[in-house]
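No lab work stands behind these numbers, since they all come straight from the coordinates. Because the structure is a prediction, the values reported are computed rather than measured. Virtual Cβ from ideal backbone geometry, glycine too; neighbours counted across all protein chains shown.
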Amino acid sequence: MFQSIRQSLKKTRQNVFGQIVSVLGGGDIDDETWEDLEALLIQADMGVETSMAIIEQLQDRVREDRLVHTEQLLEALKDNMRQILKDPEVFEMEEDREITVVMVVGVNGAGKTTSIGKLAKHYQENGRKVVMVAGDTFRAAAIDQLKVWSDRAEVPIIAGQPGGDPAAMAYDGIRAARGRGYDLVFVDTAGRLHTKFNLMRELEKVHSVLQKSVHRAPHEVLLVVDAPTGQNALLQAQKFKETVNVTGVVLTKLDGTAKGGMVFSIYRDLGLPVRFIGTGEKIEDLAPFDPDQFIDGLFEED
């Protein structure tokens, strides 16, 4: 699993964090050290606020521990990153209940349908009775795409007709899943643009129906984020969080970008944990997020 995470971080490691290792590879700590490090953190798409906070904390560490050499900063930087990626929450999907409902949201093109297929396969292989609900009724193609991933994952799907009411589809899907004995339900939703007020209200309706259908549902609201969009994705995430109380992030297409640093902004700026990372295009290319493996993958040389 570590190899897949490490491979997905190749561009981030080669383009940015390899340079950080070089900057911290020898010599004394001076003003240029801080300027170079700050620029590289921002280049990795950590965001200005997160990058500045890391720099300030490292400068405090230098003063407190009287560090003088740049190589001493590398482990301090890793420690600082681990502190940012702390996640005290229990992953709700792992809890023992009769039926667990997971609502999956995200904008078009982020990889939402693909992620649902991968998640369904992952949990089915771990002993869960999984079913998908095709709640994106606005596009016929969305239902067809989910059916393709249903076949690939060998996980059943509950779908209605295109153009139907998404909240009604969610209700019918939960009722059917419960009647057929499934214990983990992934509810797809329309990949609408977060700027469209009326469509976000539709998401609220689906969320409300799930709440009324199952106690404490949805137990997870996973936001699928397209890593190459970088800091722009955080603006999307904030709007989704406000609308449907997002509980975690699935980060896709990480292998195609050097913006792996955005994970730290997701944690620090949004207060959301990353649950899974998409590490490739195949159905098995999904890795549960592990902070230590992620940080090691950023720095470990090829």
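Taking loop as defined by DSSP and a crowding limit of 13 other beta carbons within 10 Å, which trypsin sites (Lys or Arg not before Pro) in the range 267-298 fit? Don't jump to the answer; show the numbers that get you there.
Working: sites: ARG268, ARG275, LYS282; in loops: LYS282.
Passing both the DSSP loop test and the Cβ count: LYS282.
Among residues other than ALA167 with Cβ under 11 Å from its Cβ, the summed charge is -1 (Lys and Arg +1, Asp and Glu -1). Applied to the range 105-120, the Karplus parametrisation 6.51 cos²θ - 1.76 cosθ + 1.60 on θ = phi - 60° returns per-residue 3J(HN,Hα) values of 10, x, 7, 4, x, 6, x, 5, 4, 4, 5, 4, x, 5, 5, 4 Hz, with x for Gly and Pro.
Against the chain, whose longest principal axis is taken from its Cα atoms, helix 31-43 shows a tilt of about 20°.
Residues whose amide H falls under 5 Å from that of ILE157, counting only those 5 or more places apart or on a different chain, are MET132, with hydrogens built in the peptide plane.
Computed from backbone phi with θ = phi - 60° and the Karplus coefficients 6.51, -1.76 and 1.60, the 3J(HN,Hα) list for the range 214-231 is 9, 4, 6, 6, x, 6, 9, 10, 9, 9, 8, 10, 8, 4, x, 6, x, 5 Hz; x is used for glycine and proline. All other residues whose Cβ lies under 11 angstrom from that of LYS259 are scored, Lys and Arg at +1 and Asp and Glu at -1, for a net of 0. Classification of the chain by its C-alpha gyration tensor yields a prolate form. The axis ratio a/c (a ≥ b ≥ c) is 1.5 or more, and a/b outweighs b/c. Just checking the listed ones, GLY25, GLY260, GLY248: in the Gaussian network model of the chain with Cα springs under 10 Å, the one fluctuating most is GLY25. Around the amide H of VAL187, modelled in the peptide plane, lie the amide H atoms of VAL102, MET103, VAL104, VAL133, all under 5 Å away and 5 or more residues distant in sequence or on another chain.
Nearest 5 percent is fine: what portion of the DSSP beta bridges confined to the chain is antiparallel?
Numbers: 4 of 27 bridges.
Percentage antiparallel, nearest 5: 15.
Each part reduced to its alpha carbon centroid, the range 15-37 and the range 90-164 end up 44 Å apart. Centroid-to-centroid, using Cα positions, the range 258-302 and the range 53-89 are 19 Å apart.
Residues whose amide H falls under 5 Å from that of LEU286, counting only those 5 or more places apart or on a different chain, are THR279, with hydrogens built in the peptide plane.
For the pair GLU75 and GLU49 in one chain, pulling the backbone fully straight at 0.36 nm per residue adds 7.2 nm over the alpha carbon distance.
What is the gain in length, in nm to one decimal, between SER208 and GLU125 on full extension, counting 0.36 nm per residue of separation less the C-alpha to C-alpha distance?
Numbers: separation 83, 0.36 × 83 = 29.88 nm, distance 3.00 nm.
Extending this stretch completely gives an extra 26.9 nm.
For the range 148-230, the equivalent ellipsoid derived from the alpha-carbon gyration tensor has semi-axes of 22, 17, 14 Å in decreasing order. The sum of -39500 (n - 2.57) across all DSSP H runs of n ≥ 4, divided by the residue count of the chain, sets its helix-only mean residue ellipticity at 222 nm to -15500 deg cm²/dmol.
Scan the range 189-248 for trypsin sites (Lys or Arg not before Pro) in coil per DSSP, keeping those whose Cβ has at most 12 other Cβ atoms within 10 Å, and list them by number.
Details: sites: ARG192, LYS196, ARG201, LYS205, LYS212, ARG216, LYS239, LYS241; in loops: ARG192, LYS196, ARG216.
Counting only loop positions with at most 12 other Cβ atoms within 10 Å, the trypsin sites (Lys or Arg not before Pro) in the range 189-248 are LYS196, ARG216.
Highest mean first, how do 100-112, 32-44 rank when packing is the count of other Cβ atoms within 10 Å averaged over residues? Could you put the intermediate results ahead of the total?
Numbers: 100-112: 23.5, 32-44: 17.7.
Result, highest mean first: 100-112, 32-44.
Does the range 92-246 come out rounded, prolate or oblate, given a ≥ b ≥ c as the square roots of the eigenvalues of its C-alpha gyration tensor, rounded meaning a/c under 1.5 and, failing that, prolate meaning a/b above b/c? Rounded, since a/c falls under 1.5.
Among the listed pairs LYS10/LYS86; LYS112/LYS253; LYS121/LYS282, which are separated by more than 20 Å between their Cα atoms? Going by Cα-Cα distance, LYS10/LYS86 fall outside the 20 Å limit.
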